[in-house]
Number of protein chains: 2
Amino acid sequence: MNQQIGKGSLCFSEAPFIIGSASVVGTKEGEGPLAKEFDCIGADDKFGQDTWEAAESSLQKEALTLALGKSGMQPEDMRYLFAGDLLGQLIASSFGLKTFEIPLFGLYGACSTCGEALSLSAMAVAAGYADYAAAVTSSHFASAEKQFRFPLEYANQRPVSATWTVTGGAAFILARAGKEPLAKIAGITTGKIVDFGIKDSMNMGAVMAPAACEVIAQHLADFDRQPEYYDRIVTGDLGSIGQEILFDLLDKKGYDIRSVHEDCGMLIYDSETQGTGSGGSGCGCAASTLSAHFLPKLATGELKRILFVPTGALLSTVSFNEGETIPGIAHGVVLETCK
Amino acid sequence: MNQQIGKGSLCFSEAPFIIGSASVVGTKEGEGPLAKEFDCIGADDKFGQDTWEAAESSLQKEALTLALGKSGMQPEDMRYLFAGDLLGQLIASSFGLKTFEIPLFGLYGACSTCGEALSLSAMAVAAGYADYAAAVTSSHFASAEKQFRFPLEYANQRPVSATWTVTGGAAFILARAGKEPLAKIAGITTGKIVDFGIKDSMNMGAVMAPAACEVIAQHLADFDRQPEYYDRIVTGDLGSIGQEILFDLLDKKGYDIRSVHEDCGMLIYDSETQGTGSGGSGCGCAASTLSAHFLPKLATGELKRILFVPTGALLSTVSFNEGETIPGIAHGVVLETCK
C-alpha cells in the first residue's frame with residue numbers, strides 16, 4: 001500500500017499516536033497568555049545552571065522527563081530520539097539528552113525542527129521501526145541572542161519586525177498504540193528550502209512566510225483539501241508581520257486561510273504589553289505551544305483536526321556576514337483528535 | 001512483520017538499494033592514496049567560490065548533481081533529501097542544495113552525519129515512503145578550521161593526535177529497486193551519545209572511539225554476529241590513535257575487530273607524507289571514501305558485506321569554551337553486495 005500522497009506528503013495507513021507531551025518554559029512565557037497551560041515555568045531563566053546553553057539543555061531534559069512521566073514510560077522504552085535546537089552543533093540537545101542513553105537522530109530545521117522531529121518520529125513509528133519514540137526541541141532567548149545577534153548586556157534596540165526567541169522546550173512521546181492518546185499524526189508534508197532573497201535578520205517572519213506558504217499550498221494540493229478542512233492551520237513563529245505576508249502569498253495561490261489561521265508566535269506573548277515585537281520565535285515556540293495549548297484541545301475533541309506548520313529561518317551569522325540571504329523552511333504535520 | 005532487532009537495530013525486510021553515488025574532493029585528497037577513485041577533484045579548494053562556506057556548498061551541489069547523473073535520475077525524482085554538514089545551522093547543505101527544490105530533512109550528527117543520512121533515507125525508502133531519496137554530506141578543511149579552531153592564516157601547530165578535516169562531499173541515491181545497484185542497505189544500528197569526559201579538541205579519535213565501540217558492540221549483539229561476519233568494519237574518521245582506543249575498548253567487550261577493521265580517515269591520506277596527523281576527519285571523510293573506495297568493491301562483489309560506522313565528535317566552540325566535555329556519536333549501516 002502506497003502512503004505517498006501527491007508530490008510532498010505522506011498519509012499514514014497506521015497513524016501513530018502522541019500519547020504524552022510536556023512543555024517547560026521561562027519566566028517571560030510564564031507571564032504571557034498561555035501561562036496556565038504550560039507544565040512547568042522556571043523560577044529563573046538559568047534553570048539552576050551556570051550558562052545559557054546549559055539552561056537550554058535543562059529545558060530539553062526536563063521536558064522529556066515530564067513527558068515520559070505523563071505517558072507512564074521509561075527512557076529505555078523509547079527506541080529513538082529525534083531532537084534538535086538552534087545552537088551550533090545542537091549542543092542544547094547533545095548535553096540535555098545524553099543521560100537518557102536513547103539512540104539519537106540529531107536534526108536541524110531552525111525553528112521548524114519540531115515539525116521535522118514529529119515527521120520523522122511519526123514515519124519511524126508508523127513503519128513499525130519503533131513502538132515508542134520521542135521528539136524533543138528547545139530554544140532559549142539568551143543562548144539564541146548570544147549566538148545570532150548581540151550579547152544581552154549590549155541592550156540593543158529591536159525593530160518592530162523582530163521576534164522574541166521563546167525560552168521553552170517540549171517533548172512528545174509517539175506510540176503505535178495508546179490507551180488515551182492526545183492525538184494521532186495522520187500525515188505529513190515535508191518542506192523544501194525556500195529563498196525569497198531576504199537578508200534582514202530582524203524580520204524572520206518575512207523569511208519564513210514564503211516557506212510556510214509553499215508547504216501549506218503543497219499540502220492542500222497533495223491531499224486535495226481546502227483550508228476549512230482544518231479547524232486550525234497553525235504556523236510556528238511567523239509573528240504578526242509574517243502572518244500578513246503568508247495571507248498575501250496564499251491568496252495568490254488561491255487559498256484564503258484567514259478564518260482558520262493561528263500563529264504560535266502570536267499566541268505565546270502579548271506583544272502589546274510584553275514588548276516582544278512581531279511575536280515569539282524559536283524551536284521552543286511552536287513546540288511548547290503545541291504541547292500546552294493545542295494538544296489538550298485535540299485530546300478533548302474541542303479541536304478535530306489541525307495542520308501544524310512549524311517554520312524555520314535558516315539564519316547563520318557566518319553566511320549572514322558574508323552577505324548571503326536567509327533561506328526558510330517549514331514542515332507540515334496533520335494532527336487529528338482520537339475522540 | 002517486525003523489523004526491530006535487539007535494542008538498537010533494524011533489519012529491513014525489503015532492503016533499499018544504493019543505485020548511484022558520487023564524491024567530490026579537494027586538492028589534498030586528490031594527492032592522497034584514493035586519488036584515482038574519486039569522481040571529481042577540484043582544481044583549487046575554493047571551487048570557484050568567494051568563501052570557504054560557499055566552496056563547501058559547491059561540494060554538495062556537485063556531488064548530488066553527479067550522483068543523480070550517474071543514476072539516470074532527475075532532482076524531481078527524489079522524494080526526500082537527507083543532508084547535513086559540520087557548519088553551524090548547516091549552511092553548506094542549505095545553500096548547496098536549495099536549488100534542487102527537494103523536500104529536505106536537515107541532519108546533524110557531526111562526522112557521523114553520513115551514517116545518519118543513510119539510515120534515515122534507508123528507513124524512508126524501505127517503508128515505502130519514497131521510491132527514491134538522496135543522502136548528502138560534506139566537510140571542508142578551511143570552513144571547519146575557521147569555525148572550530150584557528151584561522152588558517154594563524155598557521156598554528158597541531159599535535160600528532162589531531163586529524164585533518166577532509167575537503168569532500170558525497171551523495172548517495174537510494175531506491176526501492178534498481179537495475180544495477182551498487183549495494184543494498186540490509187540494516188542499521190543507531191547510536192546514542194557517548195561521553196567519556198574528553199575535553200581535548202585536538203584528539204577527536206579519543207572522543208569518537210567510545211561511541212564507535214558502543215554502536216559496533218550493540219550491532220554485533222543485536223544481530224548475534226561476530227566481527228568476521230563482515231569483510232570489513234569501516235569506521236569514519238577515528239584516525240590511527242582512535243583506532244587503537246577502539247581496539248582496546250572492544251577487547252573489553254569480547255570483540256576483536258583487528259582483522260576486519262579499516263578507518264576512512266586512515267585511508268584517505270598518507271599521514272607520513274601529507275602531514276595529516278592521526279588521519280582524515282569530517283563528514284566528507286567517511287562519505288567520500290564510502291562512495292569512491294568501498295561502494296565500487298561492493299558493486300563488483302569483491303566485498304560481500306561491510307559494516308559502515310561513521311563517527312562524530314559533537315564539538316562546539318561554545319560548549320568547549322565553557323569547559324564542557326566533547327561527546328561522541330556513531331551510526332552503523334550494513335551494506336551488502338547485490339552480486
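Picking from A:124, A:130, A:134, which residue would you name as being assigned to a helix (DSSP H, G or I) and within 14 Å of chain B (Cβ to nearest Cβ)?
Details: A:130 fails: assigned to a helix (DSSP H, G or I); A:134 fails: assigned to a helix (DSSP H, G or I).
Step by step, each of A:124, A:130, A:134 is checked, and only A:124 is assigned to a helix (DSSP H, G or I) and within 14 Å of chain B (Cβ to nearest Cβ).
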Go through the range B:99-121 and give me each residue that's among the hydroxyl-bearing types (Ser, Thr, Tyr), more than 7 Å from every other protein chain (Cβ to nearest Cβ) and either in contact with a Phe, Trp or Tyr (Cβ under 7 Å, 6 or more places away or on another chain) or more than 19 Å from residue B:68 (Cβ to Cβ) (or both). B:112, B:113, B:119, B:121
Condition check: at the interface with chain A (Cβ under 10 Å from one of its Cβ atoms), outside any loop (DSSP other than H, G, I, E, B), touching a strand residue (DSSP E or B) at 6+ places or on another chain (Cβ under 9 Å) and surrounded by 24 or more Cβ atoms within 10 Å (Cβ to Cβ). Does residue B:144 satisfy that? no
For residue A:128, all conditions in the list (1) without any contact (Cβ under 8 Å) to a residue 40 or more places away in the chain; (2) touching a strand residue (DSSP E or B) at 6+ places or on another chain (Cβ under 9 Å); (3) surrounded by fewer than 22 Cβ atoms within 10 Å (Cβ to Cβ); (4) farther than 27 Å from residue B:196 by Cβ hold save one; what is the number of the exception? (1)
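Does residue A:48 satisfy the condition of being without any contact (Cβ under 8 Å) to a residue 40 or more places away in the chain, farther than 22 Å from residue A:77 by Cβ, of a type outside the set (D, E, K, R) and surrounded by 15 or more Cβ atoms within 10 Å (Cβ to Cβ)? Walk me through how you get there before you give the answer.
Details: without any contact (Cβ under 8 Å) to a residue 40 or more places away in the chain: yes; farther than 22 Å from residue A:77 by Cβ: yes; of a type outside the set (D, E, K, R): yes; surrounded by 15 or more Cβ atoms within 10 Å (Cβ to Cβ): no.
No; evaluated as a whole, the condition is false for this residue.
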Candidates B:183, B:144, B:221 - the one that is closer than 22 Å to residue B:324 by Cα and touching a residue at least 24 places away in the same chain (Cβ under 8 Å): B:144
One residue is enough: does the range B:187-197 have a residue meeting the conditions away from chain A (no Cβ under 12 Å) and either among the aliphatic types (A, V, I, L, M) or in contact (Cβ under 8 Å) with a residue 24 or more places away in the chain (or both)? no
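For residues in the range A:147-166 being surrounded by fewer than 24 Cβ atoms within 10 Å (Cβ to Cβ) and of a type in the set (A, V, I, L, M), which is farthest from residue A:288 (Cα to Cα)?
Our first condition is that a residue be surrounded by fewer than 24 Cβ atoms within 10 Å (Cβ to Cβ); within the range A:147-166, this holds for A:147-162.
Restricting the remaining residues to those that are of a type in the set (A, V, I, L, M) gives A:152, A:155, A:160, A:162.
Details: A:152: 23, A:155: 26, A:160: 23, A:162: 20 Å.
Checking each candidate, the answer is A:155.
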Residue list for the range A:1-39, filter: surrounded by 20 or more Cβ atoms within 10 Å (Cβ to Cβ), hydroxyl-bearing (Ser, Thr, Tyr) and more than 11 Å from chain B (Cβ to nearest Cβ): A:21, A:23
From B:166, B:160, grab the single residue that is more than 20 Å from the chain's Cα centre (by Cα) and closer than 25 Å to residue B:30 by Cβ. B:160
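Out of all the residues in the range B:62-88, which are part of a helix (DSSP H, G or I) and surrounded by fewer than 23 Cβ atoms within 10 Å (Cβ to Cβ)? I'd like the intermediate steps shown before the answer.
If we filter the range B:62-88 for residues that are part of a helix (DSSP H, G or I), which is where we start, we get B:62-71, B:75-77, B:88.
Listed by number, the residues that qualify are B:62, B:65, B:66, B:68, B:69, B:70, B:75, B:76, B:77.
Collect the residues in the range A:277-288 that are among the hydroxyl-bearing types (Ser, Thr, Tyr) and closer than 10 Å to residue A:166 by Cα, keeping them in residue-number order. Quick ask: steps written out before the conclusion?
Keep residues of the range A:277-288 that are among the hydroxyl-bearing types (Ser, Thr, Tyr), which gives A:278, A:281, A:288.
Scanning the range A:277-288 gives A:281, A:288.
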Give the residues of the range B:289-311 that are of a type in the set (Ser, Thr, Tyr) and touching a helix residue (DSSP H, G or I) at 6+ places or on another chain (Cβ under 7 Å), sorted by residue number. B:289, B:311
Name the residues in the range A:91-135 that are under 28 Å from residue A:208 (Cα atoms) and among the β-branched types (Val, Ile, Thr), would you? A:91, A:113
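Take residue A:301 and decide whether it is surrounded by 24 or more Cβ atoms within 10 Å (Cβ to Cβ) and at pLDDT 95 or above.
Values: surrounded by 24 or more Cβ atoms within 10 Å (Cβ to Cβ): no; at pLDDT 95 or above: yes.
Spelling it out, it is not the case that residue A:301 is surrounded by 24 or more Cβ atoms within 10 Å (Cβ to Cβ) and at pLDDT 95 or above.
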Given the structure, is residue A:91 more than 23 Å from residue A:237 (Cβ to Cβ) and either part of a loop (DSSP other than H, G, I, E, B) or within 7 Å of another protein chain (Cβ to nearest Cβ) (or both)? no
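This table checks each residue for (1) more than 25 Å from residue B:84 (Cα to Cα); (2) touching a residue at least 12 places away in the same chain (Cβ under 8 Å); (3) of a type in the set (Phe, Trp, Tyr); (4) surrounded by fewer than 24 Cβ atoms within 10 Å (Cβ to Cβ).
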| position | (1), (2), (3), (4) |
| --- | --- |
| B:229 | yes, yes, yes, yes |
| B:312 | no, yes, no, no |
| B:323 | yes, yes, no, yes |
| B:337 | yes, yes, no, yes |
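Can you tell me which residue among A:178, A:169 is closer than 28 Å to residue A:124 by Cα, small (Gly, Ala, Ser) and either surrounded by 21 or more Cβ atoms within 10 Å (Cβ to Cβ) or without any contact (Cβ under 8 Å) to a residue 60 or more places away in the chain (or both)? Steps first, answer last, please.
Details: A:178 fails: either surrounded by 21 or more Cβ atoms within 10 Å (Cβ to Cβ) or without any contact (Cβ under 8 Å) to a residue 60 or more places away in the chain (or both).
After ruling out the rest, the residue left standing is A:169.
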Residues of the range A:32-45 classified as in a loop (DSSP other than H, G, I, E, B) and either within 22 Å of residue A:295 (Cβ to Cβ) or touching a residue at least 40 places away in the same chain (Cβ under 8 Å) (or both), total: 7
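Can you pull out the residues in the range A:159-192 that are farther than 30 Å from residue A:131 by Cβ and touching a Phe, Trp or Tyr at 6+ places or on another chain (Cβ under 9 Å)? If you could, list the steps in order and put the result at the bottom.
Our first condition is that a residue be farther than 30 Å from residue A:131 by Cβ; within the range A:159-192, this holds for A:159-167, A:192.
Those that are farther than 30 Å from residue A:131 by Cβ and touching a Phe, Trp or Tyr at 6+ places or on another chain (Cβ under 9 Å): A:164, A:165, A:166, A:167, A:192.
Out of the residues in the range A:200-236 that are charged (D, E, K, R) and at pLDDT 95 or above, which is farthest from residue A:163 (Cα to Cα)?
First pass over the range A:200-236, keeping only residues charged (D, E, K, R): A:200, A:214, A:222, A:224-225, A:228, A:231-232.
Checking the rest, the ones that are also at pLDDT 95 or above come to A:214, A:222, A:224-225, A:228, A:231-232.
Values: A:214: 22, A:222: 31, A:224: 33, A:225: 31, A:228: 28, A:231: 26, A:232: 22 Å.
My answer is A:224.
With B:267, B:249 as the choices, which residue is surrounded by fewer than 22 Cβ atoms within 10 Å (Cβ to Cβ) and under 16 Å from the mean Cα position of the chain (by Cα)?
Numbers: B:249 fails: under 16 Å from the mean Cα position of the chain (by Cα).
One residue alone meets the criteria, B:267.
The values are calculated or read from the model by the stated rules, or taken from the named source; none is laboratory data. For clarity, every value in this text was computed on a predicted model and none was experimentally measured. Quick reminder, even Gly has a Cβ in these numbers, built from the backbone with ideal geometry, and neighbours come from all protein chains shown.
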